[in-house]
1. Can you name every residue in region B:30-54 that is within 15 Å of B:Leu137 (Cα to Cα) and among the hydrophobic types (A, V, I, L, M, F, W, C)?
2. Restricting to region B:121-138, count the residues that are assigned to a helix (DSSP H, G or I) and surrounded by 20 or more Cβ atoms within 10 Å (Cβ to Cβ).
3. Please tell me if A:Ser150 is more than 30 Å from A:Lys266 (Cα to Cα), at pLDDT below 90 and either surrounded by 14 or more Cβ atoms within 10 Å (Cβ to Cβ) or not basic (Lys, Arg) (or both).
4. Collect the residues in region A:166-184 that are among the basic types (Lys, Arg), surrounded by fewer than 20 Cβ atoms within 10 Å (Cβ to Cβ) and within 20 Å of A:Asp256 (Cα to Cα), keeping them in residue-number order.
5. A:Ile219 fails exactly one of the following numbered conditions: (1) farther than 24 Å from A:Glu153 by Cβ; (2) at pLDDT 90 or above; (3) not charged (D, E, K, R). What is the number of that condition?
6. Return the only residue of A:Glu106, A:Glu129, A:Glu134 being buried (at least 22 other Cβ atoms within 10 Å of the Cβ), under 23 Å from B:Glu78 (Cβ atoms) and away from chain B (no Cβ under 14 Å).
7. Given region B:25-115, what helices (runs of 4 or more DSSP H) lie entirely inside it while holding 3 or more residues that are touching a residue at least 24 places away in the same chain (Cβ under 8 Å) and within 14 Å of another protein chain (Cβ to nearest Cβ)?
8. Among B:Glu193, B:Glu213, which is the only one that is touching a residue at least 60 places away in the same chain (Cβ under 8 Å), away from chain A (no Cβ under 14 Å) and acidic (Asp, Glu)?
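The values are calculated or read from the model by the stated rules, or taken from the named source; none is laboratory data. Since the model is a prediction, treat every value here as computed from it, not as a measurement. For neighbour counting, all protein chains shown are included, and Cβ atoms are generated from backbone atoms with ideal geometry for every residue, glycine included.
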Amino acid sequence: MYRMAANRFLHHASLVKNSGGSSLLRFPILRTVITSSWFSTYADPQTFPNQTLHPSDSSTSSSSPTTAGDDPRQRRKNPRAEYEEEQDHVLQASLRHVIRFGWSEETMIAGAKEVGVSPSIVGSFPRKEAALVEFFMDDCLQRLIDRIDSGEELRQLIPSQRISKLVRIRLEMQAPYISKWPQALSFQAHPLNVPTSFKQRAMLVDEIWHAAGDEASDIDWYVKRTFLGGIYSATEIYMLTDRSPEFRDTWLFLDDRVKDAFDLKKTLQEATYLAEAVGAGMGSSLQGFVGKVFQR
Amino acid sequence: MALRLVTRNLRNRISPKLCSASLLHSHATSFGFKEVREEEKSQMVGKVFSNVASNYDLMNDFMSAGLHRLWKDRLVSELSPFPGMKHLDVAGGTGDVAFRILEIVNSIRRRALQDPINDDLQEETRIYVCDINQNMLNIGKNRAIERGLGEAKSLVWVQGDAEALSFEDNSMDGYTIAFGIRNVTHIEKVLTEAYRVLKRGGRFLCLELSHVEIPVFKELYDIYSFSVIPRLGEVVAGDRESYQYLVESIRRFPPQEKFASMIADAGFQKVKYENLVGGVVAIHSGIKI
């Protein structure tokens, strides 16, 4: 998750040049969320010292070879201790075994054996199975971002279609694991894991809206994220029981929901205008009436 | 229970060698609050444990009001044992930690969830219980027999010195030392040996009585330690001096942060510690990468 945050920082640096004001809007709110969680869970090994990392201690030091020549800002945001790299390798390898063993300790043990590390390392993951699920979510989000940045097809679509497409791309990443996905969802719903899973979903939804070209900055921002969060979750759950070839029914369901949401937005807008018009009309007739009453 | 993460993989620049050397030297020559010669310390500790061996478990129950069982449970759950594991429990004389690990590995619930492949792995599990004191090991072996584990291939009782282990490099998945590191002469040698025998990805876990910092609780704990425990030792085990040594050695042992940095110095990564009961006991852990 933190690696992802660091990548986003880099993306932000490049995006600012491309898309002007809108990207700035999306970042500030999230950045505080990310950095506060960074510092509360890890005493960052490389911000402590002496940026004077000694090459002589390289046998036990945590500086990865790539940080040697990087600029200081990047080094501060991107410090990767060796054990974190190993943990990521183990988690990456474990994903390949999820289909067989589910999201469990066994999967992670198999992953560790594949990488060539003692399975004891599994005990050091904070919430074990949840760590694997969270890693997967981050990985998918990263892939989604890469797709967005590289994909041209989104430009031609209208917002509602863009959202539909993005949610579809994201959910397709889960398709290979669909048989074990209910287990992953149950881990995410566990009270201990809810803060992290909520944060990850919030980031995902925000990312999709941003890619769909959202410019909102007031209460709309929250309303939109909430709506999309609801659509995403509903589609995700629908997908769990969908047996149609290539999840055709799920995508139809998704399109319907997105259409509903946009219609609802239009309906609400129209309702607001109507209320305003009625109010204005009533107001003027009331004014007229009161005027007549007091004139007498 | 507070969880703090201390990851320091570099030595501090400010004359660390002098500081740590003097601290270690003082540990090597301290027997409780008494000063002894380095060579004598291990002998004196040996005598202590030969004396307490027969009543060791009973006294543990008395002194900690049975809490030591929960602490060991916590230690083993932190470890997350798995079938096929090669584990080394140092200073584990009477076998408490080893029995718990074996129990988890063999538990029915686990077996029910596994593939048949893993049953073979279960056969390969080896828990080595290493202790410098033969009396403690004998007590452990008897307890194993009582539990029906007398013939178990997975339990191996080895007499040995934590500072010079007879195991090969990179051979262990896990290393635990419960209430033992306080009694060694050279802490850094034990940590280096631990690093040596662990495989890549292996974990080091240390359960030890540690320092309490919480204001009022600290005073109560001191009163309990210095007044109640030696008296208990006298009454129950007939050995006041050994228990006096015990409580004094707790005070002489480095505090949590210092010990964590020593573990990091030995080469371990992701070093962190968890205080139980406000610091009366601390579980330090690290990974070898």
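1. Correct list: B:Val48, B:Phe49, B:Val52, B:Ala53.
2. So the first thing to find is which residues in region B:121-138 are assigned to a helix (DSSP H, G or I), and the list is B:121-124, B:134-138.
Okay, now just the ones that are also surrounded by 20 or more Cβ atoms within 10 Å (Cβ to Cβ), so B:136-137.
So the answer is 2.
3. Criteria met by A:Ser150.
4. The one that is among the basic types (Lys, Arg), surrounded by fewer than 20 Cβ atoms within 10 Å (Cβ to Cβ) and within 20 Å of A:Asp256 (Cα to Cα): A:Arg168.
5. Tallying (1) farther than 24 Å from A:Glu153 by Cβ; (2) at pLDDT 90 or above; (3) not charged (D, E, K, R), A:Ile219 fails exactly one: (2).
6. Answer to the selection: A:Glu134.
7. On the way: elements: B:38-52, B:56-64, B:67-79, B:96-106, B:108-113.
Of the helices (runs of 4 or more DSSP H) lying wholly inside region B:25-115, those with at least 3 residues that are touching a residue at least 24 places away in the same chain (Cβ under 8 Å) and within 14 Å of another protein chain (Cβ to nearest Cβ) span B:67-79, B:96-106.
8. Numbers: B:Glu193 fails: touching a residue at least 60 places away in the same chain (Cβ under 8 Å).
Just one listed residue meets the conditions, B:Glu213.
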